[in-house]
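One structure below.
The numbers here are math on the coordinates, done by the rules we state, and not lab data. All of these numbers come straight from a predicted model, not from anything done at the bench. When we count neighbours, we look across all protein chains shown, and the Cβ atoms used for this are built from the backbone with ideal geometry, even at glycine.
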Amino acid sequence: MNKSFIKFVTDFGPLLVFFSFYYKSEKNLIVAIPPFIVATLIALAIVWILEKKIPMVPLLGGIFITLFGGLTIYFDNPIFIYVKPTIINILFGLALLMGKFFTNEPILKKILGKSLQLSNEGWKILNLRWVYFFFGLAVINEIIWRTFCPEQEYIWVNFKVWGILPITIIFTAFQISIINKYKLNE
């Protein structure tokens, strides 16, 4: 089988499942979350079977989806799923920010250092920008869900899926100038 196709299916299949149940149930999160959790766990199992490992980001995503989705279902309260992106983004931001206290170099360098060669100054700038980005996403998520939910919950759902990805792509594209400026000659 084609690995890139399987990666695409395991990355976006659970979202497709979520959306189909969400819109078929007339925009009911409580109905859409259980199939989303199951689809996410199946996707993680497929990755494990094929790769004999699960990368950290999908694993953390699966844990958080299961935890916050489970809390949403158990308490019949969507606030848990609303705050999930806020908590995840704050944790990522804190990990990048606090990493310097545990290592001599920015955490981002530890993650991307093999595929991207930058000067130490470049890594510090890039790392700090991602810290601000994650904290900014957390703030935006809080504004959206507190402004539109529960009356217009679909706005938050659409922002969560169709807003955060383009924002991330655009932000990443804006980092190319810093990468080019501090790139080490190979």
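Some notes on this structure:
- q = 0.08, 0.15, 0.18 Å⁻¹, segment 30-186: log10 I(q)/I(0) [Debye, one scatterer per Cα]: -0.29, -0.95, -1.19
- Between helix 3-24 and the chain there is an angle of about 40 degrees, using the helix long axis and the longest principal axis of the Cα atoms.
- Segment 70-87 - phi-based ³J(HN,Hα) in whole Hz, Karplus 6.51/-1.76/1.60, Gly and Pro as x: x, 5, 4, 5, 4, 8, 6, 9, x, 4, 5, 6, 5, 8, 3, x, 4, 5
- Relative contact order of the chain, pairs being alpha-carbon contacts under 8 Å that are 6 or more residues apart, as %: 17
- Charge dipole magnitude, Cβ of K and R +1, D and E -1 - the chain, Cα centre, debye nearest 20: 620
- Lysine pair count for segment 1-77 with Cα-Cα distance under 17 Å and sequence separation of 8 or more or different chains is 4.
- In degrees, nearest ten, helix 29-51 long axis to first principal axis of the chain (Cα): 50
- The local environment of residue 103, defined by Cβ-Cβ distances under 12 Å, has a net charge of +2 under the rule Lys, Arg +1 and Asp, Glu -1.
- Summing charges over all other residues whose Cβ lies under 15 Å from the Cβ of residue 85, with Lys and Arg as +1 and Asp and Glu as -1, gives +1.
- Taken about its Cα centre, segment 1-77 carries a charge dipole of roughly 260 debye when the Cβ of each Lys and Arg holds +1 and the Cβ of each Asp and Glu holds -1.
- Options 101, 22, 36, ranked by Cα towards positive dipole end of segment 1-125, top entry (Cβ charges): 101
- Zone of residue 119's modelled label, taken as backbone nitrogen in segment 147-185 under 16 Å from a point 7 Å along Cα→Cβ: 177-185
- Given charges at Cβ of Lys, Arg, Asp, Glu: the chain dipole, positive-most of 185, 4, 69: 185
- Ordering 133, 119, 87 by the projection of their Cα atoms onto the charge dipole of the chain, which places +1 on the Cβ of Lys and Arg and -1 on the Cβ of Asp and Glu, puts 119 at the extreme positive end.
- Ranked for footprinting exposure by Cβ neighbours inside 10 Å, fewest first, 29, 165 give 165, 29.
- Each other residue within a Cβ distance under 15 Å of residue 124 adds +1 if Lys or Arg and -1 if Asp or Glu, for a net charge of +4.
- Across segment 95-186 the C-alpha pair distances fall into 10 Å bins from zero in the proportions 15, 38, 27, 15, 5, 0 percent.
- By the count of neighbouring beta-carbon atoms within 10 Å, fewest first, 53, 124, 110 end up ordered 53, 110, 124.
- ³J(HN,Hα), Karplus 6.51/-1.76/1.60, whole Hz, each residue of segment 164-179, x for Gly, Pro: 5, 4, x, 4, 5, 5, 5, 4, 4, 4, 6, 8, 4, 5, 5, 4
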